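J.: My structure is below; once you've seen it, I'll send some questions.
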């Protein structure tokens, strides 16, 4: 079974890379779909689910609690921990369904029992800023400084959530099988090589 | 010009990877050759040169001195700093000669002006121990515990030397273009993909 998790710095193009990789390898792709699915199952607003998962877990609960939390859904989805538990359940359901690429969601940790291939995607700050500004809708463009601040804030939340459920530091090479720096790289062009690399890792050829 | 630097954890197979990569890409390969060349030029013992370069720089000189040191060879090669300066000079001469793969020697930092492709090779401790024990001559075999200790000591020296000449931490993904985890990986099989990846990075295809 091929489970490929993509962890990424905000603005590094990790999501694009994940999507292209799933197309190249013919695998299911899960990203925003996970949030939508949870929102739908529980008749919640997608933005609420997304926000609660990305920010509030780390703000609301002491580390020892999150670490020992058993992930039953009994707590309900009216709070961040309940939502996180629900996401964990859903991730495992998706993994059981078969081969896939999952972007974010701490899937590298949550799905570790499936022995996934863990990819980390990163880039120089200047490249990430340029990418974010280029892709933002005209009306939502931030200054370079504001963009850098946003990137740091989002990645710091990712790091915090990761640290709550794992002994590995988010972004530390040792938690990944491959770390790819996308600075000045055309993601479209490297994806076929990455796909081959992963297939070799899985013992093909 | 293609300058590929390989930084690696001891026992991760970085040297094998570097050698195979140079064969695959048809590039010159420098590793132990650098030490031999310095030893030869100055009629010094190879083991003396090697030991002085790998250990003593970090033990003998305060950080601010190494950082501002101008790398003239005027100091002579009778001490570690002189040898380090000599190595720096030689690395630049080699880079000037043309495309190559250089293993270790902090070449990623020393040759940064050449915009090299910097690869970091690492592995889980258990994989590194197994590799070291497997490859040691029968008469020089250490226990697993001794091997782990040796690996940690050598990598800690590499980290120290790197820290003296760079603001980047040795092994921190951000200093590299690609970080490859060789745990359970057949190096021979991944090298062709890595070669293609690097060629794409250099804008080929």
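The values are calculated or read from the model by the stated rules, or taken from the named source; none is laboratory data. These numbers were taken from a predicted model, which means no experiment stands behind them. Because the Cβ atoms are built from the backbone with ideal geometry, glycine has one as well, and the counts that use them run over all protein chains shown.
J.: Mind checking which residues of region B:139-157 are within 14 Å of chain A (Cβ to nearest Cβ) and touching a helix residue (DSSP H, G or I) at 6+ places or on another chain (Cβ under 6 Å)?
T.: Answer for region B:139-157, where residues must be within 14 Å of chain A (Cβ to nearest Cβ) and touching a helix residue (DSSP H, G or I) at 6+ places or on another chain (Cβ under 6 Å): just B:151.
J.: Right, here's the next one. Can you find even one residue in region B:106-115 that is away from chain A (no Cβ under 14 Å), assigned to a loop (DSSP other than H, G, I, E, B) and within 18 Å of the chain's Cα centre (by Cα)?
T.: Checked against the condition, which is being away from chain A (no Cβ under 14 Å), assigned to a loop (DSSP other than H, G, I, E, B) and within 18 Å of the chain's Cα centre (by Cα), region B:106-115 yields at least one hit.
J.: May I pose another question? Out of all the residues in region A:164-177, which are crowded, with 18+ Cβ neighbours inside 10 Å and in contact (Cβ under 8 Å) with a residue 60 or more places away in the chain?
T.: A:164, A:165, A:170, A:171, A:175, A:176, A:177
J.: Any chance region A:116-130 includes a residue that's farther than 21 Å from residue A:200 by Cα, more than 12 Å from chain B (Cβ to nearest Cβ), buried (at least 17 other Cβ atoms within 10 Å of the Cβ) and under 18 Å from the mean Cα position of the chain (by Cα)?
T.: Scanning region A:116-130 turns up no residue that is farther than 21 Å from residue A:200 by Cα, more than 12 Å from chain B (Cβ to nearest Cβ), buried (at least 17 other Cβ atoms within 10 Å of the Cβ) and under 18 Å from the mean Cα position of the chain (by Cα).
J.: Determine whether residue A:160 is surrounded by 15 or more Cβ atoms within 10 Å (Cβ to Cβ) and more than 9 Å from chain B (Cβ to nearest Cβ).
T.: yes
J.: Scanning region B:1-52 for residues that are within 15 Å of residue B:119 (Cα to Cα) and in a loop (DSSP other than H, G, I, E, B), which turns out modelled with the lowest pLDDT?
T.: B:31
J.: So, in region B:165-205, how many residues would count as being facing chain A (nearest Cβ under 8 Å), outside any loop (DSSP other than H, G, I, E, B), within 22 Å of residue B:19 (Cβ to Cβ) and touching a strand residue (DSSP E or B) at 6+ places or on another chain (Cβ under 8 Å)?
T.: 8
J.: If you scan region B:90-114, which residues turn out to be touching a helix residue (DSSP H, G or I) at 6+ places or on another chain (Cβ under 7 Å) and farther than 21 Å from residue B:51 by Cα?
T.: Those that are touching a helix residue (DSSP H, G or I) at 6+ places or on another chain (Cβ under 7 Å) and farther than 21 Å from residue B:51 by Cα: B:95, B:100, B:101, B:111, B:114.
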